[in-house]
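These notes concern the structure reproduced below.
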Amino acid sequence: GEDVEQSLFLSVREGDSSVINCTYTDSSSTYLYWYKQEPGAGLQLLTYIFSNMDMKQDQRLTVLLNKKDKHLSLRIADTQTGDSAIYFCADGENKLIFGSGTRLLVRP
Amino acid sequence: DTGVSQNPRHKITKRGQNVTFRCDPISEHNRLYWYRQTLGQGPEFLTYFQNEAQLEKSRLLSDRFSAERPKGSFSTLEIQRTEQGDSAMYLCASTWGQGAKTFGSGTRLTVV
């Protein structure tokens, strides 16, 4: 069945770049998504990429998509303490399939 | 429009009781989704509606769960005879067509 996998944890120093990786199995989706979840809160859509694109940049966020390897990454430039959260990648045409999330910890 | 609204934010109930959650989607959105999220996991799809029609239900949605969207606007999710395993965050999302989904803040259910 469809599956999305992510590494569980990432720790970076404030000001450094963060890279969160994701692999997926369903190659038929039109879009792939990145969501952010802060403690006790719902999911906030961060960005998404159209499946026929390789890269999308949105201010401090860069999404890279490698369709051949079914690999998606999210790069956060100049990471701030406010970026500490859980990041989910999601795949799926209608009902989204989420990974287990990557907890990002930003150290001052 | 302030986004997707879910009520209540928190619900503590005794095992065996029935609970009902409400979701108010963004007004122009025709699709409404319910997800369940347990601790340390990503959200899992439960069911979705297009207008008032319930188009798909996950195998996770046992007979004790029922969802409605009677007028194609707000939706309710009811759990009958709650069990401790039902403790989770229940998330609602809405969208127009296949667009990006906007999530609510969720209802956290604790069954004691």
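Just so you know, all these numbers are worked out from the coordinates, no wet-lab data involved. These figures come from a predicted structure and were not determined experimentally. Using ideal geometry, Cβ is built from the backbone for each residue, glycine included, and neighbour counts are taken over all protein chains shown.
With each label modelled as a point 7 angstrom along the Cα→C-beta vector, the residue A:68-residue A:50 pair spans 2.2 nm. Does a label point 7 Å from the Cα of residue B:80, set along Cα-to-beta-carbon, have any residues of the range B:29-65 with amide nitrogen under 13 Å, and which are they? Once the point is set 7 Å along Cα→Cβ of residue B:80, B:62-65 turn out to lie under 13 Å by backbone N, inside the range B:29-65. Taking Lys and Arg as +1 and Asp and Glu as -1, the other residues whose beta-carbon sits under 10 Å from that of residue A:40 total +1. Shielding value for B:47-55 is 1, the average number of Cβ atoms from other chains within 10 Å of each residue's Cβ. Computed over neighbours whose Cβ is under 13 Å from that of residue A:70, the net charge equals -4, Lys and Arg +1, Asp and Glu -1. Couplings for the range B:104-112, taken from phi via the Karplus curve 6.51 cos²θ - 1.76 cosθ + 1.60 with θ = phi - 60°, read x, 7, x, 10, 8, 9, 10, 9, 10 Hz in order; Gly and Pro are left as x. Restricting the range B:1-72 to GluC sites (Glu not before Pro) that sit in a DSSP loop and have at most 11 other Cβ atoms within 10 Å of their own Cβ leaves B:28.
Straight Cα distances below 26 angstrom link residue A:56 to the lysines A:36, A:67, A:68, A:70, A:95, B:101, with same-chain residues fewer than 8 positions distant left out.
Computed FRET efficiency, Cβ-Cβ of residue B:2 and residue A:28, R0 30 Å: what is it to the nearest 0.05? Each step should come with its number before you reach the end.
Working: r = 34 Å, r/R0 = 1.13.
The pair residue B:2/residue A:28 has a calculated efficiency of 0.30.
The residues neighbouring residue B:73, those whose beta-carbon lies less than 10 Å from its own, together hold a net charge of 0 under the Lys/Arg +1, Asp/Glu -1 convention. Treating r as the C-beta distance of residue A:8 and residue B:27 and R0 as 41 Å, the FRET efficiency rounds to 0.65.
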